[in-house]
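Here, each number is a calculation from the coordinates, and none is a lab measurement. As the structure is a prediction and not an experimental result, all values here were calculated from the model. Virtual Cβ from ideal backbone geometry, glycine too; neighbours counted across all protein chains shown.
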Amino acid sequence: MPYGHGSATDLTSSLRRDHEVILRMLRRLESKLDVWKSTNRVDRGSLREFLDFARTFIDRCHHGKEERCLFPCLERRGIPREGGPIGVMLYEHDLGRQLIRQIEDALKGLGQADNRHLEVIELCESYISLLRQHIEKEDNVLFPMGENVSSLEDRASTNSCYEQIESFEVGREVHEKYERLADSF
C-alpha cells in the first residue's frame, strides 16, 4: 500500500488522515495561544514553526491534493465548482491563505512594547475557526459525496495523484516531518 493512503477503492482516506494531523496541530496552537494571552507575549519561534506547517503541510500538500487531485475528479463526476461545494472549498482555501499572510505581516510588526500580540492571537483564532469549519464541511459533506459518485478508476487515479504530490512534490520525509511536528509542537 502506498505511503499515506488507503486502498485504491477509497477516495478520501489520505485527506482524512491529513485532517487528523491538522486538527492535532490546531489544538496545540490553541494551547500556545492560551499561554500567549496570559503572558501578553507571542513566542515568535513557535509561531514561525506553525506558519511553516500551514504553508507547507496544510496548503502546499493537503490543499494541493484537494485542488489538483480530488476536485477535478469530483467535477468530472458532476459535482459543480461554481455555485457548488467545490467553489466553497476553494474560496475557503483562499481565505486561509489570506489569514496566513495577515499573521505573517502582524508577526513582522510585533514589537516588544505594543499590544500587537493581541492582533496575532486574534488572527490565529480566526484561522483555527476557519479550518475547523472547513474540515467539518469536507469530512461530512464533500468527501461522502465524492465517495458516492467516484468509480474505482477515479479512486485509483486520485490516490496516485495524492502520492505524486506527497512523495515527489512535497517529499515523503517533509510530509512525515510535519506529522511528527503536530505531535510535538
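Among the cysteines of the chain, those with no neighbouring cysteine Cβ under 4.7 Å are Cys61, Cys73, Cys124. I'd like the distance separating the alpha-carbon centroids of region 110-185 and region 68-98, in whole Å. If you average the Cα positions of each part, the centres end up 14 Å apart. For the peptides 35-43, 49-57, 151-159, residues were scored by their other Cβ atoms within 10 Å and the scores averaged per peptide; the highest-first order is 49-57, 151-159, 35-43. Across region 104-109, coupling constants 3J(HN,Hα) worked out from phi with the 6.51/-1.76/1.60 Karplus curve, θ = phi - 60°, read 4, 5, 5, 4, 4, x Hz, and Gly and Pro carry x. Overall, the chain carries a charge dipole of about 340 debye about its Cα centre when +1 sits on the Cβ of Lys and Arg and -1 on the Cβ of Asp and Glu, all other atoms neutral.
Projecting the alpha carbon convex hull of the chain along each direction and taking the average yields 10.4 nm².
The string of couplings for region 35-43 from the Karplus curve (6.51, -1.76, 1.60, θ = phi - 60°) is 5, 4, 5, 6, 9, 6, 8, 9, 7 Hz, one whole number per residue in order, with x for Gly and Pro. Entry note, the chain: relative contact order of 43 percent, from Cα contacts under 8 Å with a spacing of 6+ residues.
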